[in-house]
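Novice: Below you'll find the structure I mean.
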Amino acid sequence: MSNISAVPQPWAERLNSAADLEALRQRLEAGQDPNRPEIIVCHGTGCLANGSPQAAEALKKAIKDAGLDAKVVPGIKITGCHGFCSRGPLVVVRPQGLFYQRVQPEDAQEIVQTTLIEGKPVDRLLYVDPVSGEHIPHEKDIPFYKHQERIVLRNIGKVDPTDLGDTLVRGGYQALAKALFSMTPEEVVQQVEASGLRGRGGAGFPTGRKWRSALAAVAKKGGPVYVVVNGDEGDPGAFMDRTIMEGDPHAVLEGLILGAYALGAHQGYMYVRAEYPVAIKHLGIAMEQARALGLLGENILGSGFSFDVQVNRGAGAFVCGESTALFTSIEGRAGEPKPKYVRSVEEGLWGRPTVLNNVETWANVPQIVEKGGAWFAGIGVPHSTGTKVFSLVGKVNNVGLVEVPMGIPLQDIVEKLGGGVPGGQPFKAVQTGGPSGGCLPERLLDLPLDFDALTEAGSMMAAWASAACARCSTASARARAASRTSWTCAAWPRPSRTAPCAPWAAAPPTRCSPPCNTSRTSTWPTSRTTSARPGCARTSSPTA
Amino acid sequence: MKPASIDLDDIIERYPGQPDYLIFLLQDIQAAFNFVSPEALQLVCDHTGVPLSQAYAVATFYQSFSLEPKGEHEIKVCLGTACHLKGAPRLVEELERRLGVGPGGTTDDLQFSLDTVNCLGACALAPVMVVDEAYKPSVTAKKLDKMLKNLADA
């Protein structure tokens, strides 16, 4: 990603104290005029694929052609994913906060003329509310954003992920400075414990307790301890971690450094799957910039604490998201899981105590340290504190990434954020927790978003890949599939000859062998020749 | 193809000679040459001190590595749940028909390789394909024609 905004890079000097960091932050802030027009172009994977670089180039050219006064020439800022992936490429014009969707290069001139010069919104590019049919000009008023509470995603879509200065202005590394100079490692652990933060990877294990166990193991065994980021987000339909790593890599890095400080680790690893090249690139840039400033590496901020990180790229093995397989892969071997007789906090990477947390979990840590565990515990519900980011996909009007406080009813997520089911179709079920989760029907829609409530209902929080399904959707077949013990070809709509028997089957796909088809016929007596999807055929039949 | 002997040594020198850099080395070699040759595998083993059998196990375990030369253009079709539901298997069929090779295969002229991958986490773009590292959103059979033609001409 090119840095179009061309912010001066003040990385020449190393920061040697918290005061240096604050001075730099103030200097950077002074250099930014909050009223200067700014055009933000989303460069998340979704928008990139839909042509956001071309749109950004066209906007740049249009601004130049318009010959605007040097004082009001807007900067173009490239940011990570805004979350509203189905509407990409997304463009936000500040300071007004105008939100344009599906912006194509040919729209650039009109945006410059109408919005920048005449100060009016371009109506045809605005978001149209699927329920009321109204045009909503401002980002903050769009229901998809209005009902969110952004802690982890606070910077995403606002900062240029390849520019550390931008993150610093928005308070990046303040928590690190606070911890290094005014807190003991023990106090950091206490704050994380007090926050009630639970692992965002799915199991919901209390992070503070994990850290505490690792400290106990280190006290017993001595020697090094490792901190590891699990960025091997493999669940189909989930892209929360990718968005965080791409859009705010410094939050993950800062969280990891804080964890290392709390646990006394000097080496960390970020294991990121190979399918996320942009995330790997941005983490690499973030580390390089942090190292240059003295926020990572030897003697961080002159505090005497040293810690470094290595990014390990995955090599295309789904199983490496599992902790023991992930460690084996970092060690340079085939990532095969091992039986877990001993927990990884006692014997993990290289047989040493290791704290492995999910990307989102690490990204929560800086805010907890900065604002205190009690603040975090005040958000959400007693046993599930804070917020949760999840990807909302499937048959809903608004597809994308959202962050909501724990405890809100599932109904709100589907109706308010998701904008309901398209085409006025009745709602059927929502599938939470990816392949390990379950399908929750309409009658369970008032369930709160809570680790324990979801587990009790037979689903799970997991890496929230939720698909709200309409009645006649292909996803209704999916709902049936998930209600069984395993996925079968039978539950798959329109099985093609190359279709794998499981949706996540590794390449090359297993060809559907006759037994699969047999089981399909026996479960659903739909003719193989019918073009209707099994879900449709069945729901429309009166006998169904 | 790049002159293998020169670049290979450069790649090997990028990392310390420790077993934990085996995957890094194989990834860089795969990226540079589109496959890991027996010669390269042996050099990596000599450098890292990993037995050849173990390096072979790693190279065959991970999907990213290929021991056979890959085509100039790599086409990866996502078969994650969302893409699957939106017709990715049909895209694979179409590509198989057009290229004459199945997933994991490479055309005889070494122009194209076809692969299927696990969920790319770009579900809003389903069905999605990655062609030479560029994401192609909402691919249809119709778009394939143009895409393949552009690639062949490039």
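The values are calculated or read from the model by the stated rules, or taken from the named source; none is laboratory data. These figures come from a predicted structure and were not determined experimentally. Positions of Cβ are generated from backbone atoms using ideal geometry, with glycine treated the same way; all protein chains shown enter the neighbour counts. SASA here: full protein model, heavy atoms, side chains in, ligands and nucleic acids out. Shrake-Rupley method; radii C 1.70, N 1.55, O 1.52, S 1.80 Å.
Novice: Please express the shape of the stretch B:4-61 as an equivalent ellipsoid: the semi-axes are the square roots of 5 times the eigenvalues of the C-alpha gyration tensor, given largest first in whole angstrom.
Specialist: Details: eigenvalues 46, 33, 19 Å².
So the three semi-axes of the stretch B:4-61 are 15, 13, 10 Å.
Novice: Between B:GLU68 and A:TRP350, what is the spin-label point distance in nm, taking each point 7 Å from the Cα along the Cα→C-beta axis?
Specialist: My value for the distance between the label points is 3.9 nm.
Novice: Hey, with R₀ at 22 Å, roughly what FRET efficiency would B:GLN18 and B:LEU52 work out to, going by the Cβ-Cβ distance, to 0.05? Walk me through the numbers on the way to the answer.
Specialist: Values: r = 17 Å, r/R0 = 0.76.
Efficiency, rounded to the nearest 0.05: 0.85.
Novice: What does the average come to when, for each residue of peptide A:309-321, you count the partner chain Cβ atoms lying within 10 Å of its Cβ?
Specialist: If you average over the peptide's residues, the count of other-chain Cβ atoms is 4.
Novice: Looking at the stretch B:81-154, which GluC sites (Glu not before Pro) are in a loop (DSSP not H, G, I, E or B) and have at most 15 other Cβ atoms within 10 Å?
Specialist: In loop regions of the stretch B:81-154 (DSSP not H, G, I, E or B), the sparsely surrounded GluC sites (Glu not before Pro) are B:GLU133.
Novice: Where does the Debye-calculated log10 I(q)/I(0) of chain B sit at q = 0.09, 0.11 Å⁻¹, using only Cα point scatterers of equal weight, no solvent?
Specialist: Log-scaled intensity ratios, in q order: -0.34, -0.49.
Novice: So which of A:LYS388/B:LYS76; A:LYS140/A:LYS281; B:LYS70/B:LYS136; B:LYS76/B:LYS142; A:LYS61/A:LYS140 end up more than 22 Å apart by C-alpha?
Specialist: On the way: A:LYS388/B:LYS76 31 Å; A:LYS140/A:LYS281 30 Å; B:LYS70/B:LYS136 20 Å; B:LYS76/B:LYS142 17 Å; A:LYS61/A:LYS140 28 Å.
From the list (A:LYS388/B:LYS76; A:LYS140/A:LYS281; B:LYS70/B:LYS136; B:LYS76/B:LYS142; A:LYS61/A:LYS140), the Cα-Cα distance tops 22 Å for A:LYS388/B:LYS76; A:LYS140/A:LYS281; A:LYS61/A:LYS140.
Novice: With every protein chain left in place and a probe of 1.4 Å, what is the accessible surface of A:TRP211, to the nearest 10 Å²?
Specialist: 0 Å²
Novice: Further, regarding this structure: Under a straight-distance cross-link criterion of Cα-Cα below 21 Å, which lysines are reachable from A:LYS395, leaving out those fewer than 8 residues away in the same chain?
Specialist: Leaving aside lysines fewer than 8 places away in the same chain, those within reach of A:LYS395 are A:LYS146, A:LYS416, A:LYS428, B:LYS86.
Novice: Run down the lysines and flag those whose C-alpha is under 25 Å from the C-alpha of A:LYS221, throwing out any fewer than 8 positions away in its chain.
Specialist: By straight Cα distance, A:LYS221 reaches A:LYS210, A:LYS338, A:LYS340.
Novice: Can you tell me the FRET efficiency between A:ASP141 and A:ARG343 if r is taken as the Cβ-Cβ distance and R0 is 51 Å, rounded to the nearest 0.05?
Specialist: 0.60
Novice: Would you mind classifying the stretch B:81-154 by shape? Square roots of the alpha carbon gyration tensor eigenvalues, ordered a ≥ b ≥ c; an a/c under 1.5 is rounded, otherwise it is prolate if a/b is larger than b/c and oblate if not.
Specialist: Verdict is prolate for the stretch B:81-154.
Novice: Let me ask you something else. Pairs of Cα atoms under 8 Å, at least six residues apart: use those to get the relative contact order of the stretch B:4-61, whole percent. Walk me through the intermediate numbers first.
Specialist: Values: 46 pairs, mean separation 21.0, N = 58.
Rounded, it is 36 percent for the stretch B:4-61.
Novice: Related question: Label A:VAL128 and A:GLU193 with points 7 Å out from Cα along Cα→Cβ: what is the distance between them in nm?
Specialist: Going from the A:VAL128 label point to the A:GLU193 one covers 5.6 nm.
Novice: Helix B:22-33 versus the longest principal axis of chain B: what is the Cα-based angle in degrees, 0 to 90, to the nearest 10?
Specialist: Helix B:22-33 and the main axis of chain B meet at about 60 degrees.
Novice: Contour minus end-to-end for A:ASP308 and A:ARG14, with contour as 0.36 nm per residue of separation and end-to-end as the Cα-Cα distance? Please report the intermediate quantities before stating the final value.
Specialist: Working: separation 294, 0.36 × 294 = 105.84 nm, distance 1.59 nm.
Roughly 104.2 nm would be gained on extension.
Novice: While we're on this one: Under a straight-distance cross-link criterion of Cα-Cα below 19 Å, which aspartates and glutamates are reachable from A:LYS64, leaving out those fewer than 8 residues away in the same chain?
Specialist: Cross-link targets: A:GLU38, A:GLU106, A:ASP107, A:GLU110, A:GLU118.
Novice: Hand me the GluC sites (Glu not before Pro) from the stretch A:293-381 located in a DSSP loop with no more than 16 other Cβ atoms within 10 Å, in residue order please.
Specialist: Here the sparse-neighbourhood loop sites are A:GLU298, A:GLU331.
Novice: Tell me the trypsin sites (Lys or Arg not before Pro) within the stretch A:52-116 that lie in a loop according to DSSP and have at most 16 other beta-carbon atoms within 10 Å.
Specialist: Taking the stretch A:52-116 and a limit of 16 other Cβ atoms within 10 Å, the loop trypsin sites (Lys or Arg not before Pro) found are A:LYS71.
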